Amino acid sequence: STYDAHQLKVQQEVLQQHNLYRARHCALALILNDVLTEIAQEYAEELAIQNQFQHSSNTVNGGKSLGENLYMMSGSETLNVNGATSTTDWYDEIKYYNFNRPGFSSGASHFTQVVWKDSIYLGVGVAYGNNGRLAYVVTNYYPAGNVQEDTGGGRTKIKFSRKAESLFKKVFGKDKKQNVTTPDSTTSVKIFSNFAEITRKISVADLPIEFSEDEWNEVRADTIVLYGPSIDVTSQTTSEKKKSLNGEKLYVRRSHGDKIETVEAIMIDEKKNLVQDTSKKRYFTVGTDQIEYLSTPPANKYIVSFTYDVKPQITDQQWYVTYLKSNLNWKTRYNLLLQYDEQKPQLISLADIRNDGDKPLTIESAELFGGDINVQISPSRYEQWSYARSPQMDVQMAGAPGIGSSPPTISRPEELAGLYVYNIDNPFTVDSKTNYVLPMLKPTVKVDRYSSIKKSFHAANNRGKAQRSYRLRSDQFLPKGNAIIREFERLVGETSWPDIAANDDYDFSIGQDPDVTYKENVTLLSSKLLDETAARRLSGKQYYPGSTVTQSSYEINLILKNFKKRQIKVEYTEYFHALKQFVIQEKGPFTQEGTEIHGKFTLQPNEEKHYKYKVEVTD
């Protein structure tokens, strides 16, 4: 159906006033539903035409009852009804409600339907009769409120068990889904390595937004944004508030020699802890640990308030608030499992999501971001990652007993502006101070083992041991993270990987190999001094007048020894200082790449090999 601007305005007024009152009773916000609104509008128009005021027998999906509230207003002139007024009129029946006997109450049935916790969807209709001098407002609810459930003794009970998605399927059928606004994303998060972007659905009943001091310390205040297609924010104010203790009665412990007495006092200035003894009318200051309060002292809270204009002509009236917070983040943990060369290696990837906040966080939809993103955020206590587990850290593995029968899964990464995004398909909850671990899709990897020798050139004999090294290639992007290396089901090392592009080679080492050694015997063959002109001609560099430039020739004899009982591969790299100019003269099996010399060799069991090359160095 198509509604005029006034009807849309009344719909929003009724919805917002309902949710304002429901928030007082810890009831979830209602969702304005197209199907129910069409039913309510048709019945409001029927009442206006027939000039009647009685409840309908409207049902949905083969007889399922709808909750219904009616409101009628009359006047001697043309009326312009306000939806908030009708809702307030129903809510005012609270004065007839007996909170000692909760549930349905015949004398307060309009009130109980407004705040009925099991109701999820709302429909609103408004129509005028008698030439505009009669106004009707009809609201429909599903599931219906005021449902009596016999619990013994004729008492009633509110039920909380239904879920919105199953109700949607039962009531409206899959073919009606396009007409229904479902609560599919109450909390959406985008999680990065050291912060998260939180997006929450919000209504006027949730405003202003309040944060405790602990929550505020983890929020980047300048990223709080209220938005939606039907709202234009005109101003935003953040204020720190705390109920003052000034004028409050309390007790103070005072010592007199060996005696400690407790006296009644009035707080005069809580900033200075200045109090007045109520009996002696004397003023004195006390330490915080001397004060005894009659109730829990108020804590600081931070209030974010908005002024805004609502566009009632927009049908999508959903609002959102978003902000960055530092106590939710994620990292990747890897386990690389290696066997014989002819067997395929396995790389197990785990997404480790950490909620370092003091409250559990229920996430309806989530994305994990990998890559290098430069966003300033206040430091979280978990931001400095330590791979040793804290003894107080809770780890929650998705799919473990008690967690749920359908754990979330993580998609393959998709590239976005140089970052990579992983989508998590199902809702999940992360308890406070808890790591929630999800398996990621296993990439196909290729791993080459070799012994690496990487060193800088020295004009002197030297020796050392090779490093146990690996060359990794994956068919998909790998975000940075900690990696455990296992050979033949035994842990052999640990390392940290940076972001690794798909199909790119990444080399890493995990420690020395005592069975693979090298020795360099360096012999100076010749050396001479060059004048400034000759040095410039040789190197192309500008030298200061009077500079001393030496050109030297060296012979390097490299001796490699394999003490193992199996064949190995060795890769050798010699680095030359950036200021040095060098030319390899007798290459042999070596190659020159910029300021580096490389060599690749294969050594049989217990084999020793000798290699030689010459270089000319200008320094």
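The values are calculated or read from the model by the stated rules, or taken from the named source; none is laboratory data. All values reported here derive from a predicted model rather than from experimental measurement. Reconstructed Cβ throughout: ideal geometry from the backbone, glycine too, with neighbour counts over all protein chains shown.
Worth pointing out:
- Scanning segment 413-466 for residues that are farther than 30 Å from LYS190 by Cβ, crowded, with 18+ Cβ neighbours inside 10 Å and among the hydroxyl-bearing types (Ser, Thr, Tyr) gives TYR450, SER451, SER452.
- Residues of segment 46-89 that are of a type outside the set (Gly, Ala, Ser) and part of a helix (DSSP H, G or I): GLU46, LEU47, ILE49, GLN50, THR85, THR87, THR88, ASP89.
- When segment 318-371 is filtered for residues that are in a strand (DSSP E or B) and in contact with a helix residue (DSSP H, G or I) (Cβ under 9 Å, 6 or more places away or on another chain), the ones remaining, listed by number, are TRP319, VAL321, LYS325.
- The residue of segment 271-288 that is farthest from THR223 (Cα to Cα), among those that are more than 38 Å from the chain's Cα centre (by Cα) and among the charged types (D, E, K, R), is LYS280.
- Applying a threshold of 6 Å to beta carbon distances and a minimum spacing of six or more residues, or different chains, the list of pairs starting in segment 522-538 at a residue that is under 17 Å from GLN585 (Cα atoms) and surrounded by 14 or more Cβ atoms within 10 Å (Cβ to Cβ) and ending at one that is hydroxyl-bearing (Ser, Thr, Tyr) and at pLDDT 90 or above reads VAL522/TYR554.
- Residue within segment 26-49 that is modelled with pLDDT of 85 or more and farther than 29 Å from ASP316 by Cβ present: yes
- First in segment 279-296 and under 10 Å from ALA265 (Cβ atoms), second anywhere and not in a strand (DSSP E or B), Cβ under 7 Å, 6 or more apart: VAL286/ASN273
- Subset of segment 233-245 [of a type in the set (D, E, K, R) and closer than 25 Å to ALA196 by Cα]: GLU240
- In segment 223-239, the qualifying residues are those that are surrounded by 12 or more Cβ atoms within 10 Å (Cβ to Cβ) and of a type in the set (Ser, Thr, Tyr), and the one that is modelled with the lowest pLDDT is SER230.
- If the condition is being surrounded by fewer than 18 Cβ atoms within 10 Å (Cβ to Cβ) and not basic (Lys, Arg), then segment 467-481 contributes only ASP475.
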